[in-house]
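First comes the structure, then the notes that go with it.
The values are calculated or read from the model by the stated rules, or taken from the named source; none is laboratory data. Keep in mind that this is a model prediction, so the values were computed, not measured. Neighbour counts are summed over all protein chains in view; Cβ atoms, including those assigned to glycine, are modelled from backbone coordinates with ideal geometry. With ligands, DNA and RNA removed, areas are computed over all heavy atoms of the protein, side chains included. Shrake-Rupley method; radii C 1.70, N 1.55, O 1.52, S 1.80 Å.
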Amino acid sequence: MNLQRCLIANRGEIAVRVIRACQRLGIETVAAVSEADRESMAARIADRAVCIGPARAADSYLNIPVLVATALGTGCDAVHPGYGFLSENSAFAAACTENGIAFVGPSAENIRQMGNKLVARDIAQSVGVPLAPGSPRIAEFSTARRITEEIGMPVLFKAAAGGGGRGIRIVHRHEDLHRAYETASAEAQAAFGDNALFLERYIGNARHIEVQVLADRHGTVIHLGERDCSLQRRYQKILEEAPAFGLTDALRYEMREAAVKLARHIGYESAGTVEFIVDVDKGEFFFLEMNTRVQVEHPVTEIVTGVDIVSEQLRVAAGEMLSVRQEDVSTTGHAVECRINAEAPARGFAPSPGRITEWAPPDGEGIRLDSHAAQGYVVPPFYDSLVAKLIVHGCDRDDAIARMTEALARFRVSGIETTIPFHQYVLKQPNFAAGRINTNWLESVTEAFVAAVAV
């Protein structure tokens, strides 16, 4: 099957990224845009743009019947969901398949399996992937109290039906357990329509490491190494690196093999990411979740491996074999990605929509910019605040950090506020340069930055 025309069921930088990949493969593109995105870069560079509804995401980018009808009406034989929105919605994947449209991603069944955190944990455990001490589904507080007594404090409540930082509560004291349970349960119900939770032992000194996998329907499953995504603010990543630094060869090998084993076991197809928590003090790793889509941070892996992940997704969706084998994959140098958001760090990272009056990104050897922004572009207030991803490649981690520091200093943006100053502050921290970071480290740095700029 050769894909002829693909509907881009997303917006922003990932829509532009997918359109460029389609163009390289000779696939025509149709950009599905809301009323707020009629003049967007994706709408301009696609072969055709179709307005699918009002600015509100529920009426446009999350409207499955409209997206499927748009794909059929424009003669698309494929739909790429990008990340976010409907990218991990099994109903959307199933609707595409039922209408003879190739969903550029895994099967609806794979999305369902990995989308439910408890099901995903059970599958991981069945193939020998390590799990942090924890619990099955918790539907009442008495169960939570009993499990906590068994595994000890501190513990982490998580929503069973979803992620993204919602339905998560860390508990350090027994007297706080009931309130944390009620809050996490209510948040999970509001976010996912399911109040079920599960518990895990909380690892204080942890790093967030994820392994990129690719698989086709012919039985080939490979990994493209791992990334470090430990720098997070309120469970949202802001800076990523590849490969992960400071891991032993044995730990690196075990995580990569575990990711491939899990993907192969469920008959996975397309790009996916298996995420792990590493206990820095004990040198152990535990399964966290699997994301069944392309990740925001995929460029750092592309730069160090030379593999175009989005193009591989499109090939797999067309029924082709992966263009690379495991023995073809090697890592060269080090890459760092900074997510540039339209936010005001000095005002508590408040959104900063508006018209961009100056947009002068850095360029040069080893610099890549994934963005949908340009001078004159109006950042709408309706969606995620990401306006660009700046990715820098160096011969090693120190070189990549130095190059990123220089690139950020040359990145000029006016008309909106961005997180560029915050990234500059983070990169100057001695503990970051030394690799003495974990998933909690950025919170204290954020407080120090806000205090410094408020003076």
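Let me see the pair-distance distribution of region 71-136: every alpha carbon pair, 5 Å bin width, integer percents in order.
Spelled out per bin, shortest first, that is 3, 16, 23, 18, 12, 12, 8, 5, 3, 1.
Using a Debye calculation, one point per C-alpha and no hydration shell, please list log10 I(q)/I(0) for region 1-115 at q = 0.18, 0.19 Å⁻¹ in order.
For region 1-115 at q = 0.18, 0.19 Å⁻¹, log10 I(q)/I(0) is -0.82, -0.92.
Taking the alpha-carbon centroid of each part, what is the distance from region 394-448 to region 43-114 in angstrom?
Each part's Cα centre sits 35 Å from the other's.
Rounded to the nearest 500, what is the chain's calculated 222 nm mean residue ellipticity when only DSSP H runs of at least 4 contribute -39500 (n - 2.57) each, over all residues?
Rounded to the nearest 500, the figure is -10000 deg cm²/dmol.
Please identify which residues in region 3-24 have an amide N closer than 19 Å to a label point set 7 Å out from the Cα of R217, following the Cα→Cβ vector.
The answer is 3-7, whose backbone nitrogens lie closer than 19 Å to the label point.
Dipole of region 111-205, Cα-centred, from +1 at each Lys and Arg C-beta and -1 at each Asp and Glu C-beta, to the nearest 20 debye?
For region 111-205, the charge dipole is close to 200 debye.
So for the chain, if I pair up every lysine 8 or more residues apart or on another chain, how many of those pairs have alpha-carbons under 18 Å apart?
4
Which loop trypsin sites (Lys or Arg not before Pro) in region 241-289, with loop taken from DSSP, have no more than 16 other Cβ atoms within 10 angstrom of their Cβ?
Within region 241-289, the qualifying trypsin sites (Lys or Arg not before Pro) (loop, at most 16 other Cβ atoms within 10 Å) are K282.
Ordering E406, E39 by how much accessible area each has at a 1.4 Å probe, largest first, what is the list? Working shown, then result.
Numbers: E406 105, E39 145 Å².
Most to least solvent-accessible, the answer reads E39, E406.
Give, as ranges by residue number, the residues of region 305-337 whose backbone N falls under 20 Å from the point 7 Å along Cα→Cβ of E109.
Those under the cut-off are 316-320.
Let me make sure I get this right: for region 213-256, a, b and c are the square roots of the gyration tensor eigenvalues over alpha carbons, sorted descending. Under 1.5 in a/c it's rounded, otherwise prolate if a/b > b/c, else oblate. Which is it?
oblate
How big is the accessible area of L131 in square angstrom, nearest 10, if you roll a 1.4 angstrom probe over the protein chains?
40
Project the alpha carbons of region 276-351 onto their principal axes and report the range along each, largest first, in whole Å.
For region 276-351, the Cα extents along the three principal axes come out at 49, 37, 27 Å.
Quick one: grab the alpha carbon gyration tensor of region 185-237, order the square roots of its eigenvalues as a ≥ b ≥ c, and give me rounded if a/c is under 1.5, else prolate or oblate depending on whether a/b is larger than b/c.
oblate
Excluding ligands and nucleic acids, what accessible area in Å² is computed for S185 using a 1.4 Å probe, to the nearest 10?
10
Projecting each Cα onto the charge dipole of region 254-314 (Lys/Arg +1, Asp/Glu -1 at the beta carbon, about the Cα centre), which of A263, V296, I277 comes out farthest on the positive side?
Among A263, V296, I277, the one farthest towards the positive end of the dipole of region 254-314 is A263.
If you build the Cα gyration tensor of region 269-319 and take the root of 5 times each eigenvalue, what three semi-axes come out, in whole angstrom, biggest first?
26, 14, 8
Could you tell me which GluC sites (Glu not before Pro) in region 252-346 are loop residues by DSSP with no more than 10 other beta carbons within 10 angstrom of their beta carbon?
Passing both the DSSP loop test and the Cβ count: no residue.
For the chain, what is the accessible area per residue in Å², given a 1.4 Å probe and the full set of protein chains?
Values: 18140 Å² over 455 residues.
Roughly 40 Å² per residue, with all protein chains present.
Using a 1.4 Å probe and counting only protein heavy atoms, arrange F382, F449 so the residue with the most accessible area comes first.
Highest to lowest solvent-accessible surface, that is F382, F449.
Quick one: what are the phi-derived ³J(HN,Hα) couplings along region 155-160, Karplus 6.51/-1.76/1.60 with θ = phi - 60°, whole Hz, x for glycine and proline?
Working through the residues one at a time gives 10, 10, 7, 9, 6, 6 Hz.
Which percent of the accessible area of the chain is formed by carbon and sulfur heavy atoms (probe 1.4 angstrom)?
48
With +1 on each Lys and Arg Cβ and -1 on each Asp and Glu Cβ, how big is the dipole of region 212-272 about its Cα centre, in debye rounded to the nearest 20?
240
From the protein chains alone at 1.4 Å, what is the descending order of accessible area for T220, T405, T419, largest first?
So the residues, ranked largest to smallest area, are T405, T220, T419.
By the gyration tensor of its Cα atoms, with a ≥ b ≥ c the square roots of the eigenvalues, what is the shape of region 337-455: rounded for a/c under 1.5, prolate for a/b over b/c, or oblate?
Taking the square roots of the gyration eigenvalues as a ≥ b ≥ c, region 337-455 is oblate.
Translational D (Stokes-Einstein, µm²/s) of region 381-443 at 20 °C and 1.002 mPa s when Rh comes from the Kirkwood sum over C-alpha pairs?
Working: Rh = 13.3 Å.
Answer from the Stokes-Einstein relation: 161 µm²/s.
Charges at C-beta only: +1 for Lys and Arg, -1 for Asp and Glu. How large is the resulting dipole of the chain about its Cα centre, in Debye rounded to 20?
Values: 46 positive and 57 negative charges, 117 e Å.
Computed charge dipole of the chain: roughly 560 debye.
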